[in-house]
Amino acid sequence: MYKSIFKRLLDLVLVVCAIIMLSPIMIISALAIKLEDGRNVIFKQKRIGKNGEFYIYKFRSMKVDTGDIPSAQVGNAQITNVGKVIRRTNIDELPQLFNIYFGQMSIVGPRPALAIQKELNTMRRMNGASMCKPGLTGLAQVHSYDGMPEVEKAKWDGIYASQITFWKDVKIIIKTFGYLLSRPPVY
């Protein structure tokens, strides 16, 4: 029962509260991005989710001409000055609160992959993780996501998919805050 109605209800309650509380940070971030180069504030990118492709929203942290590549493969020269700050603090991810509100994502689940991450998407189909809504955070994220090999990401995503409970989601959310408040680990 938690995997369906209650998980969605919890997502909605938490995300509405988060949007209200974090709106000043989102407004300041949007203004800083706009002031730095006058271009689009929001970056949208096709990702793979439970129900196929959808657009994920982020604050733009990279130069406009950067292609669709995983974050770990982006060079420092492609990241804007404001982008360095919002990426380090994960503020660039805040527009995904609206993806959660509209039901495309959940607070906890496997991070939505790019279509070009074929190996990761295949492994997720094989281990059942592709049947979960993608999440803002997840088990792989609290185990040092960036730089992690796709096999390792898929392993954590499969573990999550096989053990979804309210209390595990609460633990992942709490661990995410701990992760955000510490220096980012290097995988």
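The values are calculated or read from the model by the stated rules, or taken from the named source; none is laboratory data. Values in this document were obtained by computation on a predicted structure and should not be read as measured data. All Cβ positions, glycine included, derive from the backbone under ideal geometry; neighbour counts span all protein chains shown.
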Point to revise | Complete set of residues in the range 4-34 that are surrounded by 16 or more Cβ atoms within 10 Å (Cβ to Cβ) and not hydrophobic (A, V, I, L, M, F, W, C) | key: 7, 11, 29
Check your understanding: If residue 182 passes every condition in (1) closer than 20 Å to residue 86 by Cβ; (2) small (Gly, Ala, Ser); (3) in contact with a Ser or Thr (Cβ under 9 Å, 6 or more places away or on another chain) but one, which one does it miss?
Key -> (3)
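Quick check on the range 121-130. Is at least one of its residues among the charged types (D, E, K, R) and more than 20 Å from residue 91 (Cβ to Cβ)? Steps first, please.
Here is the first cut: in the range 121-130, the residues among the charged types (D, E, K, R) are 124-125.
Retained after the next criterion (residues that are more than 20 Å from residue 91 (Cβ to Cβ)): 124-125.
The answer is yes, given that some residue of the range 121-130 is among the charged types (D, E, K, R) and more than 20 Å from residue 91 (Cβ to Cβ).
Scan 22, 35 and give me the residue that is closer than 24 Å to residue 112 by Cα and assigned to a helix (DSSP H, G or I).
Working: 35 fails: closer than 24 Å to residue 112 by Cα.
It is 22.
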Review point. Is it the case that some residue within the range 135-154 is acidic (Asp, Glu) and more than 17 Å from residue 89 (Cβ to Cβ)?
Key: yes
Check your understanding: Considering 174, 164, which residue is at pLDDT 90 or above, more than 18 Å from residue 113 (Cβ to Cβ), in contact with a Cys (Cβ under 9 Å, 6 or more places away or on another chain) and not small (Gly, Ala, Ser)?
Key -> 164
Exercise for review: Could you check how many residues of the range 71-100 are more than 14 Å from the chain's Cα centre (by Cα), of a type outside the set (Val, Ile, Thr) and either within 23 Å of residue 142 (Cβ to Cβ) or modelled with pLDDT of 85 or more (or both)?
Suggested key: 4
